[in-house]
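Have a look at the structure below before the remarks.
The values are calculated or read from the model by the stated rules, or taken from the named source; none is laboratory data. These figures come from a predicted structure and were not determined experimentally. Ideal geometry is used to build each Cβ from the backbone, glycine not excepted, and the neighbour counts take in all protein chains shown. These area figures cover heavy atoms from the full protein model, side chains too; ligands, DNA and RNA do not enter into them. Shrake-Rupley method; radii C 1.70, N 1.55, O 1.52, S 1.80 Å.
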Amino acid sequence: MIKLEKPTQEAGSVFSACITRVRIEELKTRLANVTQVVVDAANEYDTAAEHTRLHEIAPEIMVGGTVTRAEMEAVYTQRMAKIGAPGRPIYDAIFTSAPQGKCPLCGQRVVTTLDHHLPKAQYPALVVTPLNLVPSCSDCNKAKLAFLPTDSSEEMLHPYYDNIEEDNWLAAEVVHVQPPVVRFFVNAPAHWGSVLKARVEKHFHILGLGKLYSLEAADELLNIRHQLRDLHATGGSNLIRTEMRRRAESCERARRNGWRTALYHALADSHWFCTSGIFF
Ligand SMILES: [Zn+2]
């Protein structure tokens, strides 16, 4: 997961900006009257997220008892996400906040949407709250949809609130088959508590990151196969090991828990790969 800076736009001002062009006066008045409800919901969300307690926020079907879920969803889709809508500049600012345009949830695929961390169907007061909007790829967005945590240990990672990039937690191992298969897994540091460990495992499992990274690794191996053989012809398995470690260290500087970093460390660590596994 890639850590992102929290968006700085206030939920109340974003909501107000989104509803400026509502033409039906009755609807506009009802929406404007729940602005404080939106502000309070954003504050509750921020406090809960800081303490991994988002699961304690109760789902709702109305906002302030007067605005329906469908009306709030329309504020997001018609007045924020739509091109040319008054809230679109805020949408774009959040969309482009991911480094290199990569989805912060999987760290691999490109950003194509904004994910409502708490889904808009259950949490209509948070539909345009910037802290609840995370740039994401469509696969991660869909994978998250069906999942609602019931306690802290089930809460998926939140790029604005969680930072696990100070630790090495992604690891890989080479499976001895031809062509070689690389299996990825969470290798939690000893100082992580049980809740964080469970959350990272949940994040990894729900988003299918093991399979995603294994497929990417298989493609990477195919791309370097000829170079591996050249290296072996020149300097044998020792040169392969040195080159794999050199790549791992370079990748680690760019992204400590990127799949390439884990892949190249695993290849360098595998005596089988450096001696016979490369001949696939
Ligand atoms: Zn993703």
With Ser194, Ser153, Ser136 as the choices, which residue is in contact with a Cys (Cβ under 7 Å, 6 or more places away or on another chain), touching a residue at least 24 places away in the same chain (Cβ under 8 Å) and of a type outside the set (A, V, I, L, M, F, W, C)? Ser136
I'm told Glu73 meets every condition in (1) within 16 Å of the ligand (Cβ to nearest atom); (2) without any contact (Cβ under 8 Å) to a residue 60 or more places away in the chain except one. Can you identify the failing condition by its number? (1)
So which strands (runs of 3 or more DSSP E) are wholly in the range 100-191 and hold at least 2 residues that are within 14 Å of the ligand (Cβ to nearest atom) and surrounded by fewer than 23 Cβ atoms within 10 Å (Cβ to Cβ)? 113-116
If I filter the range 217-232 for residues that are in a helix (DSSP H, G or I), open to solvent by 30 Å² or more (accessible area, probe 1.4 Å) and farther than 26 Å from Ile278 by Cα, do I get at least one hit? no
Looking at Ala262 and the list (1) under 19 Å from Val177 (Cβ atoms); (2) open to solvent by 70 Å² or more (accessible area, probe 1.4 Å); (3) aliphatic (A, V, I, L, M), which single condition is not satisfied? (2)
The range 160-212, residues that are closer than 18 Å to Gly258 by Cα and of a type in the set (Gly, Ala, Ser): Ala171, Ala172, Ala188, Gly208, Gly210
Against the conditions (1) surrounded by fewer than 23 Cβ atoms within 10 Å (Cβ to Cβ); (2) under 19 Å from Lys202 (Cβ atoms); (3) in contact (Cβ under 8 Å) with a residue 40 or more places away in the chain; (4) within 16 Å of the ligand (Cβ to nearest atom), where does Ser97 fall short? Just the number, please. (2)
